[in-house]
Structure formats: structure tokens, C-alpha cells
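The values are calculated or read from the model by the stated rules, or taken from the named source; none is laboratory data. Computed from a prediction, not measured in an experiment: that's the story for all the values here. All Cβ positions, glycine included, derive from the backbone under ideal geometry; neighbour counts span all protein chains shown. Just the protein is used for accessible areas: all its heavy atoms, side chains included, with ligands, DNA and RNA removed. Shrake-Rupley method; radii C 1.70, N 1.55, O 1.52, S 1.80 Å.
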Amino acid sequence: MSFILTFLGKGGTGRTTVAIAAAKQFALQGQRTLLVGQDPGPAFGLLLGASVGATPQEIGANLSAVHLQSTALMESSWEELKRQEAQYLRTPILKAVYGQELGILPGMDGALALNALREFDGSGKYEVIVYDGAGDLSTLRMLGMPEIATWYFRRFRKVVADSDLWKAVSPFVQPVAAAVLNVNWSGDLFDQPAMQQSNNLLERGKAAVNDPSRVAAYLVTTQDAAAIATAKYLWGSAQQVGLTVGGVILNQSSDGSAIAPEFAPLPVTALPNYPGQDWQPLIEALPDFTQASQAPRAIAVNIAERKVALFLPGFDKTQVKLIQSGPEVTVEAGDQRRNIALPPELSGRQVTGAKFQDSFLIISF
């Protein structure tokens, strides 16, 4: 398993520069490192000083790099989908559609990039993966895909199972499915091998994103007021997908004390200007990224006191909304929603109170 590190912040704050310096830092420490760029433009390769393709290639000692290309990822993923279809269907229907003719729809880039990170992680070749993505809400939605998808799985599983329509047609589904599928049908639409395999994959992805020793983010900002405000907003939004933010990097500065109160209790590291020749000053100024696990976690559950606390920095109480319209509790903050899967001791209980205090939403049951 790899440690996956990414950076969040407003465009123009130098996230790519920081990502490259971080990758070089890990490589100098002797860790097998992969630097992953996603911006389709030429800036990534120019700044890195190397021509990087769609497959990982070694560019230095312990350091490899790859420039993600959505079309290439689509072709590869489509072939895997066809392989899965052939495994589970007696007569595959996608074999006549070819990945080379598929276009990229909105949102596909994130899903393809997340799958690529999963494959790089599972390859066992890298100890560290530094991901230089968009660094905004699209990156957070990408990393939040496993948590959101697992919610859809468990929510709609119950909705379908409890519906009169499913109860009426389920006796007829098994014989029909037996004629179409290569696997035995158990009667539970969501308990088939392909569905269980997908759900297990999503659960592992969710657990990784929620574990700061596996996946972490750092904020990148400058002294610009808009950049600081954006970093704070992304900090709070990261909590909504369970992603731990380990600290703040104040780029193009020699002193981070001025903005430290804005991001307390996160540590702020000042990073000097990159002169365009020597990476060493930047590498030496970077923090120890493996200390991200010391940062406040996104959620804490106190079963004894029947309370759940969510850390939502960057928001005030007017931007936070609590909803309990279904079996789970939903928290809305900014443009992000999080459905909280409660432990059995609290599941099904009604919310008796909530307060927003010191950037924490404290929910009582």
C-alpha cells in the first residue's frame, strides 16, 4: 500500500510546484515515489523539466512520473469492463463497442483518475504517490466517490428490497437471470458476485480516504486574501469527504506566522520562491508530510454520551445544515453533503440537539 498525498488550493498558488518538490523530497528519502499529474496542458512537463507520458516512467532515483490522459484511461477501463461483462454474462453486449471511439463525458475525468490511483496503489511498485490534480472541489468529489457510492449502494439496496414491485417480480427474476448470467442467482439483487466485488472495492477506497496514514491533503496558499479564503473553504469541504488535511503551505513567503491564526490548529509552513533552477531550497523547507495523522480528524463518535462531532473549519453556522429525513443523518456544508453512517448504538435514533461551536458541529441523540 502507498501513502497518497495531494494538494488543495486556489489556482495560481503554486500547487504543482509544491507537488513536484514533495515528490522529490520523498524520493531523496529513499522512498519509491510516483508523481501523478492530471492537468492536460504542457505546464506540468515544463515545470518538471521532463517529457512525461501516459504510463509511468522513471525520471530520477526513486522517482517516476506519469501524466494522466483521460482518453487512454478510458480505453483501458473499457476493456476491463468488457472483460467483467464476459465473465458474468453468457452473451456479452458490449463487445461490439470499442474504447477508441468513446468520448469523455463531464465527470469521467475524476472517476478515471481515481481508478488510476487505485491501480498505481495496488501495483506494489510505489511507497508514495503524489497526486497533482485540480486541487479544488472536483478533486474532493473525486476522493469522495467511494463514500458517496457506498451510500447509494446501502440506501437503494434497502429501498429496492422493501418495495412491493421487487417482492412481486423477484420469484421470476431467478430463472431469467440463470439463463443470462454465468453465476448463480441468490434472489438478492445486491448480493451478486459483481455487485459485492464493486461494493468491497468502494469500501476499501472509503477506508483509505478516511485514514490519514493512507491518504492526506495539504493546503497551498499565498498571502492573497482570496487564496486564503479558498484554502479555508477547501479545508472544511475536505472534512465532508473524510479527507484529513495535515497542514498549510504558505507559498512564496518566508514567514507563515501572519496567517497561522486563520488555520489553527494546523501547522503553517512558509515556502520560498522557486527560482526555476534549484529545487533543494524548496525541498528542505517542506514539512514532514507523514505527520498528517496528527491533524484533527473529520468525525468523532462518542457512544457513551450519544454524540457525534464533525470538524467543519472554514464555515460558520449559517453555512451548515443538519438533515434527518431518512435513516441516516445528513450534514450539508458549503456545496458538499455527507451522509453519516451511525454505529449500531446510535442508528435509528432521532437527533435531540445540535450546536456549532469552535468549528465543530456537535450532534446529540
Result for the chain: accessible area per residue, probe 1.4 angstrom, in square angstrom, of 49
Heavy-atom accessible surface of the chain: percent carbon and sulfur, 1.4 Å:
54
Pulled fully out, how much extra length does the chain show between ALA43 and ARG297, if you take 0.36 nm times their separation in residues and subtract their Cα-Cα distance?
88.1 nm
Label-to-label distance, nm, for residues given as GLU79 and ARG157 (7 Å Cα→Cβ offset):
3.2
What is the dipole size for region 211-287, taken about its Cα centre, with +1 at each Lys and Arg Cβ and -1 at each Asp and Glu Cβ, in debye to the nearest 20?
220
When DSSP assigns beta bridges and you keep just the ones with both residues in region 250-337, what percent turn out antiparallel, to the nearest 5?
85
How charged is the neighbourhood of LEU34? Take every other residue with its Cβ under 14 Å from the Cβ of LEU34, and add Lys/Arg as +1 and Asp/Glu as -1.
-1
Tally the DSSP beta bridges in the chain and give the antiparallel ones as a percent, rounded to 5.
50
Amide H neighbours of GLY133 under 5 Å, at least 5 residues apart or on other chains, H built in the peptide plane: list them.
PHE7
